[in-house]
Every structure is written in structure tokens, then in C-alpha cells.
1. Would you mind telling me which numbered condition in (1) modelled with pLDDT under 95; (2) in contact with a His (Cβ under 8 Å, 6 or more places away or on another chain); (3) not charged (D, E, K, R) Ile151 fails?
2. Starting from region 181-195, keep only residues that are more than 21 Å from Leu353 (Cβ to Cβ), then list their pairs with residues that are part of a helix (DSSP H, G or I) and β-branched (Val, Ile, Thr) whose Cβ atoms are within a distance under 9 Å, requiring at least 6 positions of separation or different chains.
3. Going by what's in this entry, would Glu306 be described as of a type in the set (D, E, K, R), in a loop (DSSP other than H, G, I, E, B) and at pLDDT below 95?
4. Considering only residues that are charged (D, E, K, R) and part of a loop (DSSP other than H, G, I, E, B), look in region 98-135 and name the one that is surrounded by the most Cβ atoms within 10 Å (Cβ to Cβ).
5. Test of understanding: among Met281, Met288, which residue is surrounded by fewer than 16 Cβ atoms within 10 Å (Cβ to Cβ), without any contact (Cβ under 8 Å) to a residue 60 or more places away in the chain and touching a helix residue (DSSP H, G or I) at 6+ places or on another chain (Cβ under 8 Å)?
6. Hey, can you tell me all the residues within region 138-152 that are of a type in the set (Lys, Arg) and either within 18 Å of Val210 (Cα to Cα) or not assigned by TED's automatic domain parsing to the domain that holds Asp207 (or both)?
7. If a residue has to be surrounded by fewer than 19 Cβ atoms within 10 Å (Cβ to Cβ) and either in a loop (DSSP other than H, G, I, E, B) or not hydrophobic (A, V, I, L, M, F, W, C) (or both) to count, how many in region 54-83 make the cut?
8. Please go through region 177-217 and pick out each residue that is more than 22 Å from Met416 (Cα to Cα), of a type in the set (D, E, K, R) and surrounded by 18 or more Cβ atoms within 10 Å (Cβ to Cβ).
Amino acid sequence: MHQAKHILDPVVAGKTQIGRGPLRIGFLTPEYPTEAYNGGIGSYVRQMAHSLVKLGHSAVVLLCVHSDEGIVWDGPVAVHRVSVPCFASRLPEPLGKRSGVIFARRLSMLTDELKLDLLEAPEFAGMTAFLNLVKPPRLHVVVRLHACSAICRSLDNYGPTSIRSRLRSNLQDWLERRAIETADSVTAISQTTVDLTRKLLRVKRDDFQVTPNPVNDLFFSEWEAKPVSDEPQVLFVGRLQWLKGPDLLIQAVPALLKRHPDAHFCFAGGDTNTGPGGTSMLAHLLSMLPEQARARVEFTGFLQPEQVLRKYHEATVCVFPSRWEGFGLVAAEAMACGKAVILSDNPGFRELLSDRGTGLLSKREDPQALASAVDLLLSDSHLRQTLGAAARDDVLARFHGSAVGKSILSTYREAMVAGDTLLAKLTNT
């Protein structure tokens, strides 16, 4: 199996010495925390943009919107709201919409006006699929693998149910594959994501570079508040989604209450329609709980980052039983807060955590094993403190915004050097 280059390796990270001046970097994104629906891509873009500004570079966000173009400011970061021209939004891909040729031309003109050296975009939706045909010569394009549409479909057990939906899925995959294949450089949040993307999209290139997502600086802040209760607090953070495995922790609750009758279980995250038959997952989880256990379980709904931070610090143990993760940002946030964490034993989490070194790995799809791991940490305060302290030190070294920023800058500069070399060869031919 081909292994992507991991640029947190100090030898690789220090290899490129060319062009140390400030860069003008743009981030193309379909979401952003202050302006639109926020998911993992939006959170990553915001933290990365601010981290790069702190390192002395210029960072701007190009946010794809349906209407109301303009510029807003998120501190030192300008957020340019960019829409697809009205007539183009009615055209099918690959001509119209945000993955089409017309939007690529709009994007090209804007990056030229902003004099960007480099533009980073997610692979999701293939927004840069045709940018290589029209981009300014000075612009270098980096595509970042988060989780392509094919990964999302496969992990949520979704398959096209009609010829039309099958054709739509095939077109989406083609656009995302083209965006990856035509980029000057490709980064990924984990080796796990690289491997699954190459398999599902049948990507030919193999020069991927793994750079983890940075953890929001907020979660490294000191916290002086006292726990709100002496009762053990077991915390799950994430969408109530089948993929995230909240049902596995719910199944473990009765056994844990027998051992720790005063324990409190908190599920912090919004509902989804990934319950049986496309129904509410929250309703499904409630139906799984015995009546006598319901008083010990809380569902908070969606929380803002500051509210999540408080929940982390109130927690005794944090549990993330995901069936699959490309990276596991919420787990890294809990570790940054110095919390003992329990993660399901899947490939993405194995890249994040050292079992019994910086946390515990629990057998996948096994509520009994999960209950045993939670019981172990609730019963052993010394182990909790040891794992939590080691986890914070590890995450601070590997996933702090400044550390990830310096590493990803190395990839940017390598992409620029390679692109300039190729352009010079073509010019001289």
C-alpha cells in the first residue's frame, strides 16, 4: 500500500528552503463558522487561516454562497462571499453550478484580483475541477482530502436508488477525481483518508502529503472552573449520526449504571436522520434507553465551541465510538483539554492515539468492550490523570495551529516550486 508523505516528519518539513517570504493564501470553502453552515471543513479553514496570519502570511477565505456577495471580516481574515452567476446556477454540471467551468472562470478572475499565490480547496464537490484550464499562471492549487462524496455515501450505507441518482453520484465522483488529479499538490487529513479516497475514486496519482487538521486554540486554553458536580460525567461530542456510534454508547449505559449508579451521560451534538429507515437518530436513541436510565442521560443538541469547551472540562471521561473517522477532531479537542479519552479501534483513530499511552482504544461495534473501558477509567483516577496529561502534551506538539501551519507551509512551498519548474519547462519548450 502506498504511503503518503507525512510532512510532520522534521526531515521532510525542513526540506524546502526556497522562498521564505510571506505568501498570499486563499481558502475556497462551501462553509464557514461565522457565515454559513459549519462542519469540519469550515472549522478547519477558520483555524488554518488564523494560524497562517499569526505566522506572518496573508490569508483570505473564498466562501461559496447562493447570493449576497460581498466581503466580511473575521478578525484579520477577509471572507469573500462568492456566488455562481445566476444563469450558471441553472445549468447542469459540468457547465454550471459551483463545480462547473463558468464558476472556475469567476474564481480565476477573483484569485487574480487578490493576487493569490496559492488556493487551497476541499476535494468535496470538486469545486476546482476545471480551474487548471483557466487559472492565472502565478496561482498554485492545492486540494485537501477531507472526505469525498463516495466516502460519505459508503459510510452512511447510502447507495443510489435510481438511474438518475446513480448518474448524479457518478458525475460527483468524476468531478472530485478531476479536482484531485489536476491539482498542483494534494494534502490529506490522514493516511486512512488517502487510502479510502484512492480506492473509491480510483485516483491514479500517489503523491499525497498527510497534514493533520489543527485543533482550535480555544481548546488549549487554561480552565479554572470547578466541576459542576461530584458525579462521574461521561461525555460524547459529535452529531447524533450512525457513523459516530452514539447508539453503541447508549447500549453500554445500563451496564455502566450498575457499576456507577451516580454516573451522568451527556450527548452533545445535533440530531440527524440516520436512525433506522432514515428516521431521527435522537428518537432512536431514546427508544433504546430503559425507562430507569433516562434520568441519567442528557441530550444537549448543537453547542457552540465555547459551550463544548465547558462540557469537556466538566467531563470525567470522553467517549468517541465512531465506526469510522478520517481524523477525529472532537477527540483531539478533548485530548487538548487534558481529558482521558476512549476511541473505537478504527484506522483513523489509530493515527490519532497511542493505546494506553494517550488514551484507550476499544473494540469496534462492541458495547460490552466499550462499557469495560469506561468502567476502567471511571474507577481509576490516577490512570485518567496520566492519560489526560500525556494526551494534552501529544496534541499540543502535533496539532496546535502553529505546528500544523508551519508544516503545511512546507507543502505549499513545495507545490509552488514544482509548479514554477514545470511552467518554466513549458515556456522554454
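The values are calculated or read from the model by the stated rules, or taken from the named source; none is laboratory data. Note that the coordinates shown come from a computational prediction; the quantities given were computed from them, not determined experimentally. Please note: Cβ atoms are built from the backbone with ideal geometry, for glycine as well, and neighbour counts cover all protein chains shown.
1. (2)
2. Close Cβ pairs satisfying both conditions: Ser185/Thr411; Val186/Ile180; Val186/Val194; Thr187/Ile408; Thr187/Thr411.
3. no
4. Glu123
5. So the residue among Met281, Met288 that is surrounded by fewer than 16 Cβ atoms within 10 Å (Cβ to Cβ), without any contact (Cβ under 8 Å) to a residue 60 or more places away in the chain and touching a helix residue (DSSP H, G or I) at 6+ places or on another chain (Cβ under 8 Å) is Met288.
6. Answer for region 138-152, where residues must be of a type in the set (Lys, Arg) and either within 18 Å of Val210 (Cα to Cα) or not assigned by TED's automatic domain parsing to the domain that holds Asp207 (or both): just Arg144.
7. Result for region 54-83: 13.
8. Of everything in region 177-217, just one residue is more than 22 Å from Met416 (Cα to Cα), of a type in the set (D, E, K, R) and surrounded by 18 or more Cβ atoms within 10 Å (Cβ to Cβ), namely Arg198.
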